[in-house]
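Here is the structure we will look at.
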């Protein structure tokens, strides 16, 4: 088991190197570099910069070097924990990302927990009461849930809340807590606000997971061991929860591998629409303004979170399913 | 198996016994009423994709700032019990506080409309000119806004018709590209095996663990600003299908691995068939229906992705119209409270994705020979 985890961990740096190279290539692709954008920014604010100074800056940042050398410089500073300076905010990228990374992860994890808390009971109920009214209603909700883009659901909720209840549901804090230091009250305020974006983010996944749970459990419920247990007089709920549910759980656990990463990258859209403090909107702005080192840093973090999510699901699956452990 | 055929007995069994695979799939598919209804809806949708101008009542680009935020003018078919379609007229009043023109429905005045009537000229598939439209106002100078207008006074009904064309085409083309990539690379991986298989499998794993939305955004942002809408359109479809092919590639590989050992493949090889013939004539037909079902489930995902990218401003760009571009108008909550009909393009997305999912599920069940 430990060997299995170590093997996967050993792969992580290799993957990160590949990703960082691809990301750097994408960041380099747009015409011009960030100094051209910088000069344009200065010009628009009325100040100017001489050609000599530009040349000096270009040399300082290594922008006159070939691609490979620039990549090497970037990697070198990354390894020293330096992500460079944001062109737009004129602040270190590490600070900019650090401020919002916690909430990005919190939102995704919260949404994840919510998804499972809803999807598993819903799936179990649907499977044990097939063709009941609740089952049909859940099926309809599931289909619509999968078909609705995240941002659309966010828009509809925001519009209904604004137009009919006259409340604004954007942001993660009440106005008085936005700039307040961390305190118990602020955490409670955060919890009061985070569930709505978390539901919006998780609805499609919830629908999908409860369908998987339902299908797996239905398969298990017809097996002879269930009939045997029922024949020996086991209580129905105890029986269902004790055996078939545990078996139906495995395929669900293996979905974590794609679901957790999907939540991280999906939160980008929800956060942009609902105006949440999240690295998603930060990335969007950075991409539009060609703030390449900030964008590159955020993309790297997304990749890291994605790999971490996959790793987590592999480890969990190995923990709960002995067959996988033995194979390895 | 014979349950789905109307007549029971020996005759029906004979029919089933000699029916081709496609016929069996069709019989099974026909039993899913919801899927059949969705299929009909999709056919209508793709007629709109082919002939958006026929359904549009106006030029989708025509702006008129004085006619901004006109509410939905609902079509009424009957007037005093007689068939005489009309839409209610609109009256504008200037708000004394905000000085903004505010439009309201005035049901007392009726604007006559005709079905299959002449309107502005358009070209059928770029071939010949016509002026026939599905709906046209009786008075050609009158503008009607069946689904309201946006902040620039553009007719949302006509824009949705053109947006549907773009969005549905992106979905279809992106999936077609994914299918080609998936079959070719998955097929090579499964049939050749060895080192090639290893390389392709690692590539798939790498692509599948990419944070999709951020990377798509970065790639779209890297597209040159001076590209034409057509170039951007194709670039976006390619970007979307870059990740899309991996799932299919995996499945095709699995099928090839399983089939490679089958007796009928060995028989074909001994009979002297070429590799291409074995793959195309003997192996492909056994899982083609499965591929079609899987790819029909991939189309809605592509549509949602395109809509999301365009909504964020990094997909299809104006002046090109897609459903995501239309939804950008609904980004501002204050605007939305004023003009909730700007959310209608989103409903089009939801309904068409729903239809694709239902058809895909129906096809998947029908294509599975072991389904009951």
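The values are calculated or read from the model by the stated rules, or taken from the named source; none is laboratory data. Computed from a predicted model, the values in this text were never measured in an experiment. Quick reminder, even Gly has a Cβ in these numbers, built from the backbone with ideal geometry, and neighbours come from all protein chains shown.
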Q) Looking at residue A:126, is it surrounded by 15 or more Cβ atoms within 10 Å (Cβ to Cβ), within 30 Å of residue A:188 (Cα to Cα) and within 31 Å of the chain's Cα centre (by Cα)? A) no
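Pick out the one residue from A:19, A:71 that is away from chain B (no Cβ under 14 Å), touching a helix residue (DSSP H, G or I) at 6+ places or on another chain (Cβ under 6 Å) and not in a loop (DSSP other than H, G, I, E, B). Break it down into steps so the answer makes sense when it comes.
Working: A:19 fails: away from chain B (no Cβ under 14 Å).
One residue alone meets the criteria, A:71.
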**Q.** Failed item, numbered, when residue A:312 is tested on (1) under 21 Å from residue A:98 (Cβ atoms); (2) modelled with pLDDT under 85; (3) surrounded by fewer than 17 Cβ atoms within 10 Å (Cβ to Cβ)
**A.** (1)
Q. What are the residue pairs meeting all of these: first residue in segment B:205-230, first residue touching a residue at least 24 places away in the same chain (Cβ under 8 Å) and at negative phi, second residue outside any loop (DSSP other than H, G, I, E, B) and surrounded by fewer than 16 Cβ atoms within 10 Å (Cβ to Cβ), Cβ atoms under 8 Å, and 6 or more apart or on different chains?
A. B:221/A:288
Q: Filter segment A:170-189 down to the residues that are surrounded by 18 or more Cβ atoms within 10 Å (Cβ to Cβ) and assigned to a helix (DSSP H, G or I), then identify the one that is modelled with the highest pLDDT.
A: A:189
(Q) Every residue in segment B:338-357 that is within 24 Å of the chain's Cα centre (by Cα) and more than 7 Å from every other protein chain (Cβ to nearest Cβ), please. (A) B:341, B:342, B:344, B:345, B:347, B:348, B:351, B:352, B:355, B:356
Q: Working carefully through the options A:206, A:255, find the one that is under 24 Å from residue A:317 (Cα atoms) and surrounded by 21 or more Cβ atoms within 10 Å (Cβ to Cβ).
A: A:206
**Q.** residue B:62 vs. criteria within 20 Å of residue B:118 (Cβ to Cβ) and within 26 Å of the chain's Cα centre (by Cα)
**A.** yes
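If only one of A:140, A:200, A:146, A:134 is in a helix (DSSP H, G or I), within 14 Å of another protein chain (Cβ to nearest Cβ) and more than 26 Å from residue A:106 (Cα to Cα), which one is it?
So the residue among A:140, A:200, A:146, A:134 that is in a helix (DSSP H, G or I), within 14 Å of another protein chain (Cβ to nearest Cβ) and more than 26 Å from residue A:106 (Cα to Cα) is A:140.
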Q) Going by the structure shown, is residue B:355 in a loop (DSSP other than H, G, I, E, B) and either under 17 Å from residue A:148 (Cβ atoms) or outside the structural domain of residue B:166 (by TED's automatic domain parsing) (or both)? A) no
Q: Please enumerate the residues belonging to segment B:326-337 that are buried (at least 24 other Cβ atoms within 10 Å of the Cβ) and more than 10 Å from every other protein chain (Cβ to nearest Cβ).
A: B:326
Q.
Checking the structure you have, find out if any residue of segment A:11-22 is in contact (Cβ under 8 Å) with a residue 40 or more places away in the chain, crowded, with 16+ Cβ neighbours inside 10 Å and under 18 Å from residue A:290 (Cα atoms).
A. yes
Q: Only one of these is facing chain B (nearest Cβ under 9 Å) and surrounded by fewer than 20 Cβ atoms within 10 Å (Cβ to Cβ): A:151, A:162. Name it.
A: A:162
Q. Just a yes or no: is a residue in segment A:88-96 buried (at least 20 other Cβ atoms within 10 Å of the Cβ), within 30 Å of residue B:333 (Cα to Cα) and within 14 Å of another protein chain (Cβ to nearest Cβ)?
A. no
Q. So which helices (runs of 4 or more DSSP H) are wholly in segment B:178-275 and hold at least 2 residues that are in contact with a helix residue (DSSP H, G or I) (Cβ under 8 Å, 6 or more places away or on another chain) and within 14 Å of chain A (Cβ to nearest Cβ)?
A. B:194-208, B:212-221, B:229-260
Q. If we keep just the residues of segment B:300-325 that are facing another protein chain (nearest Cβ under 9 Å) and outside any helix (DSSP H, G or I), which is nearest to residue B:244 (Cα to Cα)?
A. B:314
Q. Assuming residue A:78 fulfils every condition listed in (1) more than 22 Å from residue B:214 (Cβ to Cβ); (2) within 28 Å of the chain's Cα centre (by Cα); (3) touching a residue at least 40 places away in the same chain (Cβ under 8 Å) apart from one, which condition is it?
A. (1)
(Q) Let me spell it out: the conditions are (1) away from chain A (no Cβ under 14 Å); (2) closer than 30 Å to residue B:212 by Cβ; (3) in a helix (DSSP H, G or I), and residue B:297 meets all of them except one. Which number is the exception? (A) (1)
Q) Across segment B:146-188, what is the number of residues that are closer than 17 Å to residue B:310 by Cβ and out of contact with any strand residue (DSSP E or B) (no Cβ under 8 Å at 6 or more places or on another chain)? A) 18
**Q.** Residue under evaluation residue A:193, criteria (1) within 14 Å of chain B (Cβ to nearest Cβ); (2) under 25 Å from residue B:340 (Cα atoms), criterion not met
**A.** (1)
Q) Does at least one position in segment B:303-319 carry a residue that is surrounded by fewer than 18 Cβ atoms within 10 Å (Cβ to Cβ) and within 30 Å of residue A:170 (Cβ to Cβ)? A) yes
